[in-house]
Amino acid sequence: MYIEQGKSHLFNLIKNQLSNFFVLNDQEKEVLYESFDQVLERVERCFSQTKNKYYKKQDLTYFNPFHSGQYCIYLYFFSNTLSRKNFKLLADKVYGLNKALHACDIYHEVELPDVFFLDHPVGSVLGRATYGNGFSFGQNSTVGNNNGIYPMIGENVRLCANSLILGNCVIGDNVILGAGTCIKDQNAPSNSLVFGSSPNLIIKKRKDV
C-alpha cells in the first residue's frame, strides 16, 4: 500500500493528535505502535476493494491521511483493533478523535465488516447492527436500535444521504436506500431500491444486479 508521506509520518500524526486532544502516557504510545501494522493490514484490505479513483496511485492501493473519508475509516479500524485487544480506554480516545475530526459516530465496539466504504461521513451514526461486506453510507446516515433490537444488514448495502435503518429490520444483499429513506421495523428484499418511510416504503427491483 502506498501511504502518502510514509508510515512514520502517519504514525506520528495519530500519536500527536491523540496527545493534543487527550494526553497519552508512555504505555499508551507503546500500545499504539504495537497495533499500528495490524491496523494498516485491515486498512489495505478494505481500501483495495474499492473502485474509487482516490484509493489508487501508481497501480497500488493508496492511503492519503489528508483525505477525510480515508482517515475516518483508518481511525475506526484503529479504535476497533484496540477494543478487540481490550485496551478500552485507548480505544475510547481514538474513537473520540474520529468523532471530533469527522463528526461521525462509530463506536469502537461496533463491528463493521472488513470491507466498507463511505462518502462524506459527517453527521452519520452507526450502531451495533450486523453488517455485511460492501456496506457503504453517505452523510447523515443512521443505523440504530428500536426497543433494543438492531438491524441485520446484508452485503453491498448502500445508504444514501440522510437515510436511516432502525430496529427489527432484515436488509437483503445489494439494497440501495435512496436519499432520505427511513426503514423502521421492516424488511427490504435483496436486489432492491428503497424509497420513502416505513410503513409506506416504495420498493423497486434493481435492474443492474
Failed criterion for Ala91 (all others in (1) in a helix (DSSP H, G or I); (2) outside the structural domain of Glu34 (by TED's automatic domain parsing) hold): (2)
Need the failing condition index for Ser124 against (1) closer than 22 Å to Leu13 by Cβ; (2) within 10 Å of the chain's Cα centre (by Cα); (3) buried (at least 19 other Cβ atoms within 10 Å of the Cβ); (4) not aliphatic (A, V, I, L, M), just the number. (1)
Scanning the range 194-209 residue by residue, those under 23 Å from Glu155 (Cβ atoms) and in a loop (DSSP other than H, G, I, E, B) turn out to be Ser198, Arg206, Lys207, Asp208, Val209
Is there a residue in the range 13-26 that is assigned to a helix (DSSP H, G or I), farther than 15 Å from Leu97 by Cβ and either touching a helix residue (DSSP H, G or I) at 6+ places or on another chain (Cβ under 9 Å) or not β-branched (Val, Ile, Thr) (or both)? yes
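So that you can scan it fast, the table gives a plain yes or no per residue for (1) hydrophobic (A, V, I, L, M, F, W, C); (2) at pLDDT below 95; (3) crowded, with 18+ Cβ neighbours inside 10 Å:
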site	(1), (2), (3)
Met1	yes, no, no
Glu4	no, no, no
Asn12	no, no, no
Lys15	no, no, no
Gln27	no, no, no
Ser35	no, no, yes
Phe47	yes, no, yes
Tyr95 vs (1) touching a residue at least 60 places away in the same chain (Cβ under 8 Å); (2) buried (at least 19 other Cβ atoms within 10 Å of the Cβ); (3) within 12 Å of the chain's Cα centre (by Cα): all pass except (1)
For the range 113-155 the number of residues that are of a type in the set (Val, Ile, Thr) and under 19 Å from His67 (Cα atoms) is 2
Within the range 64-80, the residues that are in contact (Cβ under 8 Å) with a residue 40 or more places away in the chain and surrounded by fewer than 21 Cβ atoms within 10 Å (Cβ to Cβ) are Asn64, Pro65, Phe66, Ser68, Gly69
Test: Thr61 is surrounded by 18 or more Cβ atoms within 10 Å (Cβ to Cβ), of a type outside the set (Asp, Glu), assigned by TED's automatic domain parsing to the domain that holds Lys7 and not in a helix (DSSP H, G or I): yes
Within the range 193-203, is there a residue that is in contact (Cβ under 8 Å) with a residue 24 or more places away in the chain, surrounded by fewer than 20 Cβ atoms within 10 Å (Cβ to Cβ), out of contact with any Cys (no Cβ under 7 Å at 6 or more places or on another chain) and not assigned by TED's automatic domain parsing to the domain that holds Arg84? no
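Yes/no matrix, rows are residues, columns are (1) farther than 20 Å from Asn80 by Cβ; (2) of a type in the set (S, T, N, Q):
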site	(1), (2)
Arg128	no, no
Gln139	yes, yes
Asn146	yes, yes
Met152	no, no
Asn156	yes, yes
Ala161	yes, no
Gly172	yes, no
Gln186	yes, yes
Ile203	yes, no
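The values are calculated or read from the model by the stated rules, or taken from the named source; none is laboratory data. Values in this document were obtained by computation on a predicted structure and should not be read as measured data. Glycine gets a Cβ as well: all are built from the backbone with ideal geometry, and neighbour counts include every protein chain shown.
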